[in-house]
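Beneath this line is the structure, given in structure tokens, with notes to follow.
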Amino acid sequence: MAASQPNVLLVHCHDLGRYLGCYGVDVETPNVDALAAGGVLFENHFGTAPQCSPSRGSLLTGRYPHVNGLMGLAHGNWELHPAERILPQYLDEAGYETHLFGLQHISQDTDRLGYEYVHSERNLYPGVSPAVHQVNRAGNVTDVLTEFLETEAFDAPFFASVGFFELHRVEEPNGRYGFERDHYDGADPDDVSPLSYLPDRRGIRQDLAEMHGMVGAIDEAMGRIHRCLIETGLEDETLLVFTTEHGIAFPRAKGTCYNPGIEAALIVSHPEIASGGRRVDDLVSNVDVLPTILDVLDISIPDAVDGRSVKSLLSGDSGEGREELFAEMTWHDMYNPIRAIRTERFKYIRNFWYLPRVYLPRDVFASEAGREVREAYGVPLRPFEELYDLREGPTETENVVNEPRYSEHRRNLATRLHEWMVETDDPLLDGPVPPADFDEIMTWPGDDPG
């Protein structure tokens with residue numbers, strides 16, 4: 001198979017951010033580290049949203065959440081606009097077989113996604129029931145995938161989306177959200193390194209220690225997948241992409257547009273296209289992944305795609321990284337409208353609603369880590385503007401928006417953010433965005449919905 005027509009194996013997981021050894025975190029991930037050592041790792045890859053469905057929608061459409069319509073969680077009745085097209089549809093038209101393994105979480109209607117083969121029935125939301133996340137654990141999904149790779153006779157190149165349940169928190173009988181410490185082998189809380197952007201407290205360490213068990217499950221699965229590609233002779237014919245949608249499920253991470261909320265891993269591996277263990281420090285958004293894959297496969301990139309190809313960065317060339325990238329949030333388990341712009345040095349965040357200082361999604365709020373900080377984060381009102389000098393304060397804890405020496409930077413970033421919202425026809429410019437089921441909510445019993 002020619003390098004211009006490789007198989008594409010897209011592996012993605014929940015709530016991982018960049019919590020991996022190859023990104024400098026004190027956690028053992030030898031298999032993912034080995035994948036990065038032989039491929040290309042993107043140091044500054046960010047999602048378009050600090051939450052699952054909107055960011056995943058951007059990954060698979062190459063368009064921002066408010067552009068493709070997926071501004072909230074798929075199981076919360078948010079859907080892509082009817083005319084939106086996603087990666088498996090583009091590849092199907094190019095002659096690829098398309099397969100879905102494990103979770104997807106961008107539509108309640110799997111048929112809407114256009115996969116030719118669906119290898120998992122329970123593929124939407126990881127927190128609905130134990131049966132759902134049991135089927136979609138990394139080990140179980142990998143069992144199905146490796147059997148497919150070992151036994152299938154490939155008459156055409158294939159695209160496979162492979163979704164793992166981990167690192168999603170699970171609600172326990174006592175209402176606490178944790179990382180299933182009885183199922184995964186975690187670490188000792190005394191041995192984990194604290195997070196730079198949170199206080200070093202026992203509950204936070206306990207959650208991190210539990211989470212290490214899920215990280216290990218993902219790493220083991222990636223090792224099995226990589227070995228299977230080698231043993232079946234498919235490694236030379238397969239573009240392997242490993243990514244996640246947003247940051248870890250901790251305060252000031254998931255659900256926020258701070259760097260720990262929107263940071264995402266991106267590792268690409270192929271002997272000819274992406275190899276050598278290079279580390280790319282250019283800014284890259286996950287809307288760029290779809291056009292990059294299409295470009296690698298010599299498939300025309302639609303004009304409607306918001307992202308840009310960074311194919312040249314895979315081969316070591318320069319010049320295709322971003323000067324700026326954008327992130328957003330509109331709905332999660334509550335209305336939380338935020339828009340943000342990030343450059344190499346600065347982060348500017350515009351908040352559009354009266355909300356607590358730091359938003360905590362339900363699973364974070366009810367966690368041990370959340371209990372450690374929610375009184376401090378839940379009471380003060382959030383400022384409408386936030387500006388952070390990432391060079392002087394990388395943890396984004398000192399808002400410098402009102403400091404005179406940053407006034408020009410604030411004006412420039414605020415102007416550019418507004419221009420982007422206008423360019424992309426952001427509905428937030430017209431006022432509050434109603435929930436996805438607004439029409440149903442506003443219809444009284446007995447009313448004629450027509």
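Filtering the range 428-442 to residues that are surrounded by fewer than 16 Cβ atoms within 10 Å (Cβ to Cβ), at pLDDT 95 or above and either closer than 17 Å to Thr48 by Cβ or charged (D, E, K, R) (or both) leaves only Asp430.
Looking across His105, His133, one residue alone is modelled with pLDDT under 95, assigned to a helix (DSSP H, G or I) and either farther than 17 Å from His12 by Cβ or not polar (S, T, N, Q) (or both). It is His133. Only one of the listed residues (Gly47, Gly69, Gly21) is without any contact (Cβ under 8 Å) to a residue 40 or more places away in the chain and closer than 12 Å to Ala265 by Cα. That residue is Gly21. Just one of the numbered conditions (1) within 30 Å of Leu208 (Cα to Cα); (2) small (Gly, Ala, Ser); (3) exposed (fewer than 15 other Cβ atoms within 10 Å of the Cβ) is not true of Gly378: (3).
Among the strands (runs of 3 or more DSSP E) confined to the range 241-360, the ones with at least 1 residues that are over 30 Å from Glu408 (Cβ atoms) and assigned by TED's automatic domain parsing to the domain that holds Gly76 are located at 266-269, 278-285. Scanning the range 39-48 turns up one or more residues that are under 30 Å from Ile349 (Cα atoms) and surrounded by fewer than 22 Cβ atoms within 10 Å (Cβ to Cβ). When the test is whether a residue is over 25 Å from Thr292 (Cβ atoms), part of a loop (DSSP other than H, G, I, E, B) and over 13 Å from the mean Cα position of the chain (by Cα), Arg224 does not pass it. Of everything in the range 305-321 that is out of contact with any helix residue (DSSP H, G or I) (no Cβ under 8 Å at 6 or more places or on another chain) and on the phi < 0 side of the Ramachandran plot, the residue that is surrounded by the fewest Cβ atoms within 10 Å (Cβ to Cβ) is Asp317.
Using the structure shown, decide if Glu372 is crowded, with 19+ Cβ neighbours inside 10 Å, in contact (Cβ under 8 Å) with a residue 12 or more places away in the chain, outside the structural domain of Gly39 (by TED's automatic domain parsing) and part of a strand (DSSP E or B). Taking the combined requirement at face value, the residue does not satisfy it.
In the range 1-97, counting only helices (runs of 4 or more DSSP H) that sit wholly within it, the ones holding 3 or more residues that are closer than 19 Å to Ser300 by Cα span 52-61, 87-93. When each of Gly393, Gly450 is tested for being outside any helix (DSSP H, G or I) and either modelled with pLDDT under 95 or hydroxyl-bearing (Ser, Thr, Tyr) (or both), the lone residue that passes is Gly450.
Here the condition is being of a type outside the set (S, T, N, Q) and buried (at least 20 other Cβ atoms within 10 Å of the Cβ); of Pro291, Pro302, it holds for Pro291 alone. Residues in the range 354-364 that are in contact with a strand residue (DSSP E or B) (Cβ under 8 Å, 6 or more places away or on another chain) and either buried (at least 21 other Cβ atoms within 10 Å of the Cβ) or in contact (Cβ under 8 Å) with a residue 40 or more places away in the chain (or both): Tyr359, Arg362, Asp363, Val364.
Filtered by the rule that a residue be over 13 Å from Tyr359 (Cα atoms), without any contact (Cβ under 8 Å) to a residue 24 or more places away in the chain and of a type in the set (Gly, Ala, Ser), the range 375-415 gives Gly393, Ser407. Suppose the filter is more than 24 Å from Thr343 (Cα to Cα) and touching a residue at least 24 places away in the same chain (Cβ under 8 Å); does Glu235 pass it? Taking the combined requirement at face value, the residue satisfies it.
The values are calculated or read from the model by the stated rules, or taken from the named source; none is laboratory data. The shown structure was predicted, so the numbers you read here are calculated from the model rather than taken from an experiment. Don't worry about glycine lacking a Cβ; one is built from the backbone with ideal geometry, like all the others, and counts go over all protein chains shown.
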